[in-house]
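Notes for the one structure printed next.
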Amino acid sequence: MILPIIAYGDPVLRKMAKDITSKYPKLDELITNMWETMYNAHGVGLAAPQVGLPIRLFVVDTTPFADDEELSKEDQEALNGFKKVFINAKIEEEVGKEWDFNEGCLSIPDIREDVKRKPEITISYLDENFKPHTETYDGLLARVIQHEYDHIQGVLFTDKLSSLKKRLLKSRLEKISKGKIAVDYKMRFPNIKKGR
């Protein structure tokens, strides 16, 4: 089932998400719905807060990036077929010299900005079978994971921009929260005016 994606301005996107256990109700169904919602919106990652749930869960499938000819062969191979569920994730370490990359977000449609992030991360998480993993990623893979991880920390990519950039984007962000934007996927807007 395709779920509505929560738009910028909703308090759920600002909450520090909570860990879950394997007893979380209908978890398999939720994960299936999140994949469907993400693919429908042509995303490469989706976090539970983006579908209104303040829990530490996100999904990532970077396969669409594998076709990008501007990327190195190694990057393309790493991205192709990378599909994972991250539960109760914790970034243990971020290392290296920060680099810029143009990011967007399904909760903030039509806004893309260069965001600085460290190039390498080590993350511990549980998969959908609650099996623990600790893995190290770099490059674009690390970035996609960092972006989704931020969501479960209550952080948006726009928070990482300069104060000038934030001021310049303010009215566009307010329009998104009010639903004054055309999107081709289902969304829920926090500040939409209800008709009488």
Carbon-plus-sulfur fraction of the accessible area of the chain, 1.4 Å probe, in percent?
-> 50 percent
Name the residue farthest towards the positive end of the dipole of the chain from the options 5, 121, 173, assuming +1 on Cβ of Lys and Arg, -1 on Cβ of Asp and Glu, about the Cα centre.
-> 173
Would you look at the GNM of the chain, springs on alpha carbons closer than 10 Å, and say which of 46, 164, 126 moves the most?
-> 164
Cα centre as origin, Lys/Arg/Asp/Glu Cβ charges: the chain dipole, Debye = 1660 debye
Taking 148-159, 85-96 and ranking on average Cβ neighbours within 10 Å, highest first, one gets 148-159, 85-96
Which value, in Å², gives the accessible area per residue of the chain when a 1.4 Å probe is used on the protein heavy atoms?
-> 54 Å²
Kyte-Doolittle mean at least 0.0 and Cα extent at least 18 Å along the axis: which DSSP H helices of the chain qualify?
-> none
How many angstrom separate the Cα center of segment 128-196 from the Cα center of segment 58-115?
-> 14 Å
Calculated from DSSP helices alone, with each H run of at least 4 adding -39500 (n - 2.57) and the total divided by the residues of the chain, [θ]222 nm to the nearest 500 comes to -8000 deg cm²/dmol
In the neighbourhood of residue 92 defined by beta carbon distances under 15 Å, the net charge of the other residues (Lys, Arg +1; Asp, Glu -1) is -2
Mind checking the full-extension length gain between residue 74 and residue 163? Use 0.36 nm per residue of separation minus the Cα-Cα distance, one decimal, nm.
-> 28.5 nm
Long-range tail of P(r) for the chain (Cα pairs > 19 Å, %) = 60 percent
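The values are calculated or read from the model by the stated rules, or taken from the named source; none is laboratory data. What you see is a predicted model, and the numbers here were worked out from it, not measured in a lab. Cβ atoms come from the backbone with ideal geometry, glycine included; neighbour counts cover every protein chain shown. Quick note on the areas: whole protein, heavy atoms, side chains included, nothing else; ligands and nucleic acids left out. Shrake-Rupley method; radii C 1.70, N 1.55, O 1.52, S 1.80 Å.
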